[in-house]
Amino acid sequence: PLATLSTITSKIKIKYELDMYSKEAFDTDYEKISSVIKHLSQTIEYFRNYFKPKISSKENFIQINNSLKNIIEPLCEKYNIKLLVDNENDEKILIDSRIDQVLLNIYKNSMEACFEKNKEGLIKTKIYLLDDFVNIEISDNGGGIDENNIDKIFEPYYSTKNKNGTGLGLYMCKNIIENHLEGFLTVENIQDGVNFKIKLKKEME
């Protein structure tokens with residue numbers, strides 16, 4: 001989120017100096033910045049409640065997804081990465097609000113993988129219901145993970161980013177999904193990339 005704020009404000013400064021900053025652009029950037037600030041506030045609240053067994057507040061997944069898109073879209077534009085979302089059930093799906101931390105981390109990993117490959121990146125998200133479970137699949141074309149390492153990526157302190165990674169992001173994602181939300185998180189290589197699969201029990205509407 002901080003990188004997103006930096007990207008947006010840098011763009012504002014450049015356009016303003018070139019006298020190319022319109023009211024419409026201001027309104028758009030204002031909404032994006034407000035969304036990022038709201039997300040940061042929710043993140044702080046999330047970590048305050050991290051060790052609680054259950055968080056009572058629930059959010060509609062589409063609202064969460066739209067919030068995340070507002071956060072990562074400026075970075076995707078910067079790195080020439082396209083986002084596609086396919087939600088078969090629209091607003092009918094309710095999910096525990098802690099899911100947004102997991103999605104943000106997976107999106108970020110996919111963006112970095114696509115950028116490192118120096119190609120036009122593509123990240124797809126598919127959301128669907130199956131047997132009273134919410135299924136979320138996030139795939140990219142970032143080149144995939146070495147088959148010798150793919151079983152290690154959820155281990156603590158293991159990173160495919162050499163010195164640039166802490167090795168805690170995906171470990172925390174798996175911990176949130178499986179230990180806090182009683183779901184499942186897996187990953188597999190696909191053609192030209194990877195596919196993360198999240199499976200959660202559907203909340204009561």
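Largest accessible area first, the listed residues K197, K82 line up as K82, K197 when surface is computed with a 1.4 Å probe on the assembled protein chains.
Our estimate of slack between D19 and K117, defined as 0.36 nm per intervening residue step minus the Cα-Cα distance, is 31.8 nm.
What FRET efficiency comes out for the pair F26/L129, r = Cβ-Cβ distance, R0 = 35 Å, nearest 0.05? Rounded to the nearest 0.05, the efficiency is 0.35. Surface calculation, 1.4 Å probe, protein heavy atoms: T186 sits at approximately 70 Å² accessible.
For Y30, the accessible area of its heavy atoms, probed at 1.4 Å with every protein chain present, is near 130 square angstrom.
The values are calculated or read from the model by the stated rules, or taken from the named source; none is laboratory data. None of these values were measured; they are calculated from a predicted model. We place every Cβ from the backbone using ideal geometry, glycine too, and count neighbours over all the protein chains shown. Just so you know, the surface numbers come from the protein's heavy atoms only, side chains and all, with ligands and any DNA or RNA stripped out. Shrake-Rupley method; radii C 1.70, N 1.55, O 1.52, S 1.80 Å.
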